[in-house]
Amino acid sequence: MPEDIAPRADSARIRVTRVRAGAITGPAQDDHVAEETPVALEYNGISHATMLATPADLEDFALGFSLTEGIVDSASDVRGIDLRPECDGIVVELEISSACAVRLRERRRAMAGRTGCGLCGVETLPEVLRDVAPVTADAPIAVGAILQAMRDMRGRQSLHDVTGATHAAGWARPDGSIELVREDVGRHNALDKLIGALVRSGRDASQGMILVSSRASFEMVQKAASAGTGVLAAVSAPTALAIRTAQRANLTLLGFMRQADATIYTHPERIVP
C-alpha cells in the first residue's frame, strides 16, 4: 500500500505489520481501513432507522433508502436532506411530504441495523415480501456489454482499492459504459446510494443495468426492481428467493459474473449475443 495516499473521509490510515509467506515483515507500514459509522435517518424529526454505513454519499443513501423501502413514492416527496454530525455518528434529517409522514408513522418500527443487514427490525412477513411492480424495461442488452461493464466497475472501486473492505453498486448504459458507481461497507447501502444517485442525477434506471459486487439476495432484487432497471448482474450467487422475486418482477438476474462467464437465472430473453 503506497504511503502517500491522501486522507479521505471514508477511510482511516493505520499502522500495520504484515505477514508474508508465513514470516513477519517489517518495519510497520501505513494501510487504510474502511470507515464504518452509525448513520441515523430521521423523517420529519422522528428517528426511524440507524444503519452502519460508510460516511460518503449520504444524501444519495438517504434518498435511495427512502425510495427502495417505500417510505416515499418519488423524489419529489423529499423536501430536504440535511446532515448533522452527532456523538460518534451522523444524523441524516429528511423532510418528507405530510402524506408520506403519516404513512410512515403508521408502519413505524425500530430498525437498528448492522453492516450488510437489509431487514433489521422488520416486524412482519408482508413488510419483508412486499410486492414490487414488474419492471417494464425491455430493451435487449448484449452479453458482452454486461461482462465488460462488470469488469470496468472493478476499476472504479477506489475505496475498495485502498481498504479491500467495501462493496460496490454500479449503473451502466446498454453499451456497457459505466456512468455511476457507489461504494459502502454494506452491500444494501451501496445499492441504495446508487439508486439515490441515479434519481438525483436525473438518470432513468430503466435505460441501463445495475451491477453489484456481492451476491444477489432477494432484498437486492427488490431494490433493483423498484428502481425500474431491467437487468441486475451480481458477482456472486443469488438465492432461490431472489430468483423467484426476479421472475415475478420481470427482472433479468445474472450471477457468477467472472471475467467472460455468467449464469442467467431469469428472463434470458433480454440478453442477446
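With r defined as the distance between the Cβ atoms of residue 154 and residue 105 and R0 fixed at 45 Å, what FRET efficiency is calculated, to the nearest 0.05?
Efficiency, from the Cβ-Cβ distance: 0.60.
Add -39500 (n - 2.57) for each DSSP H run of 4 or more in the chain, then divide by its residues: what number comes out at 222 nm, to the nearest 500 deg cm²/dmol?
-8000 deg cm²/dmol
Just want to confirm a number: the relative contact order over region 116-273, from Cα pairs under 8 angstrom separated by 6+ residues, in percent.
Rounded, it is 24 percent for region 116-273.
For region 37-114, what is the relative contact order in percent, using Cα pairs closer than 8 Å and at least 6 residues apart in sequence?
Rounded, it is 40 percent for region 37-114.
Please report, in whole Å³, the volume per residue of the convex hull around the C-alpha atoms of the chain.
Enclosed volume per residue, from the Cα hull, is 144 Å³.
Normalised by the residues of the chain, what does the relative contact order come to in percent, with Cα pairs under 8 Å and at least six apart?
Relative CO of the chain lands at 17 percent.
If you add up the charges near residue 84, with Lys and Arg at +1 and Asp and Glu at -1, over every other residue whose beta carbon is less than 10 angstrom from its beta carbon, what do you get?
-4
No value in this document is a laboratory result; all are computed from the given coordinates. Fair warning: this is a prediction, and the values are worked out from it, not measured in the lab. Cβ: placed from backbone, ideal geometry, glycine included. Neighbour counts: every protein chain shown.
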